[in-house]
Amino acid sequence: MTPAGSGERIIMVNDSRATVLDAIGSTPLIEVDGLWLKLEFLNPSGSIKARMARYIIERAEREGLLHPGDTIVEASSGNTGNAMSMVAAVKGYKMIVVMPVGLSPERAAISSAFGAELVNVGNFHVNEALTLASELGKRPGHFAPHQFESEWNVEENRTWLGPEILAQLPEGRIPDAFVMGVGTGGTLIGVGQAFRARNPDVLIVGLEPSESCTIQCGDTGLHKIEGIADGFVPAIYQRNREMVSRVVAVHSDDAIAEMRYLASHHGLLVGPSSGANIVAARRLVREDPSLATVVTICCDEGEKYLSEYFIPGVHAVDAATLASSIKED
Ligand code: PMP
């Protein structure tokens, strides 16, 4: 067993200019049940999206697309909204998050806590929010990052998250497969590109909910895997679909059961999309045990789903009941 405190994740920020944004990245990669899990839910703002938000906003600053006092406008089912609101708060930009209703209330609350203005459009799927965010983004003094299309989203994953995972795998190991649910597709494609450069034969496996078979069948439906399958095939995925080895379907109920298992058996309090990724990764290994190194992502923190999945099931036993059960034993 590794003694507490001897982990690799040492963030030394000894600089008076440091901010919470310097704590993004360098998340642990751990092995659970033979799968390699990248714990992206540990990023500030509670998800994988912190990297992309920081990367795109700082790139836009360098390219002269974003100026002090400007407003950032993004359509998001939640995590990108949370992440961009955090970055905007640190850097002093105004933030408008355009999001559908029907997602966990924590997501809206977190963006709001970071000082963002929330605009609700549409139900669960992000399509209508996208149109409105694009329109708002054209106004003077506004910047729309367009996460579903932006090559900078892919670039972040290819140059930051992907290489970070490759460097963390034990020496001599290369990924045989990468499994990831498709929201914008930025993680699947960008990390996939980094992995392919290391192992040309690596399987790149996309995932969508069984109830919303959009990439494979062109249908959309309501599902519970928040953060993926937003109701359309994103441009990033369309541009790069030939590099995806296959797309698999996971039912929301299986994703949620896995999410609960990860918390109660491994101490990983994560959301349904992490559960879905792990269900698909387990299946992959079951079907082909020669896949020795399968990598997937724990995308966001379970705290964002407390009111939907965890608080309703909390039943405390009172002290008197506990005392009498101890006596009976
Ligand atoms: N899981 C969750 C919880 C997310 O918020 C997202 C991003 N919307 C994803 C998975 C998918 O990531 P990507 O946008 O890179 O496809």
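The values are calculated or read from the model by the stated rules, or taken from the named source; none is laboratory data. Worth saying up front: this structure is predicted, and the values here are computed from it rather than measured. Heads up, the Cβs are rebuilt from the backbone with ideal geometry, glycines too, and the neighbour counts pull from every protein chain shown.
Under the condition of being in contact with a Lys or Arg (Cβ under 8 Å, 6 or more places away or on another chain) and of a type outside the set (S, T, N, Q), which residue from the stretch 191-210 is surrounded by the fewest Cβ atoms within 10 Å (Cβ to Cβ)?
Taking the stretch 191-210 first, the residues in contact with a Lys or Arg (Cβ under 8 Å, 6 or more places away or on another chain) are 191, 193-194, 202-206, 209.
Then keep just the ones that are of a type outside the set (S, T, N, Q); that gives 191, 194, 202-206, 209.
Numbers: Val191: 28, Ala194: 21, Val202: 22, Leu203: 19, Ile204: 22, Val205: 24, Gly206: 24, Pro209: 24.
Only one residue tops the list, namely Leu203.
Do we find that Lys38 is among the basic types (Lys, Arg), within 25 Å of Glu128 (Cα to Cα) and within 16 Å of the ligand (Cβ to nearest atom) in this structure? Before you say what the answer is, go through the steps one by one.
Details: among the basic types (Lys, Arg): yes; within 25 Å of Glu128 (Cα to Cα): no; within 16 Å of the ligand (Cβ to nearest atom): yes.
Answer is no for this residue.
Residue-by-condition table, conditions (1) within 16 Å of the ligand (Cβ to nearest atom); (2) closer than 19 Å to Lys38 by Cβ; (3) assigned to a helix (DSSP H, G or I):
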{"site": "His223", "(1), (2), (3)": "yes, no, no"}
{"site": "Ile236", "(1), (2), (3)": "yes, no, yes"}
{"site": "Asn240", "(1), (2), (3)": "yes, no, yes"}
{"site": "Leu262", "(1), (2), (3)": "yes, yes, yes"}
{"site": "Ala281", "(1), (2), (3)": "yes, yes, yes"}
{"site": "Pro312", "(1), (2), (3)": "no, no, yes"}
{"site": "Leu322", "(1), (2), (3)": "no, no, yes"}
{"site": "Ser325", "(1), (2), (3)": "no, no, yes"}
Picked from the stretch 280-324 (must be within 23 Å of Leu166 (Cα to Cα) and small (Gly, Ala, Ser)), the residue surrounded by the most Cβ atoms within 10 Å (Cβ to Cβ) is Ala281
Quick one: in the stretch 44-100, which of the residues that are of a type in the set (Asp, Glu) and not in a loop (DSSP other than H, G, I, E, B) is farthest from the ligand (Cβ to nearest atom)? Glu61
Could you pull out the residue among Val182, Val126 that is within 16 Å of the ligand (Cβ to nearest atom) and not assigned by TED's automatic domain parsing to the domain that holds Glu287? Val126
Which of (1) closer than 26 Å to Tyr309 by Cα; (2) touching a helix residue (DSSP H, G or I) at 6+ places or on another chain (Cβ under 7 Å) does Leu66 not meet, given it meets every other one? (1)
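Yes or no, residue by residue, for (1) farther than 22 Å from Arg239 by Cα; (2) buried (at least 20 other Cβ atoms within 10 Å of the Cβ); (3) touching an Asp or Glu at 6+ places or on another chain (Cβ under 7 Å); (4) of a type outside the set (A, V, I, L, M):
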{"residue": "Asn79", "(1), (2), (3), (4)": "yes, yes, yes, yes"}
{"residue": "Gly102", "(1), (2), (3), (4)": "yes, no, no, yes"}
{"residue": "Ala109", "(1), (2), (3), (4)": "yes, no, no, no"}
{"residue": "Asn123", "(1), (2), (3), (4)": "yes, no, no, yes"}
{"residue": "Val126", "(1), (2), (3), (4)": "no, yes, yes, no"}
{"residue": "Lys138", "(1), (2), (3), (4)": "yes, no, no, yes"}
{"residue": "Glu156", "(1), (2), (3), (4)": "no, yes, no, yes"}
Checked against (1) free of Cβ contacts under 8 Å to residues at least 40 places away in the same chain; (2) in contact with a Leu (Cβ under 8 Å, 6 or more places away or on another chain); (3) within 12 Å of the ligand (Cβ to nearest atom); (4) not hydroxyl-bearing (Ser, Thr, Tyr), Arg198 satisfies every condition except (3)
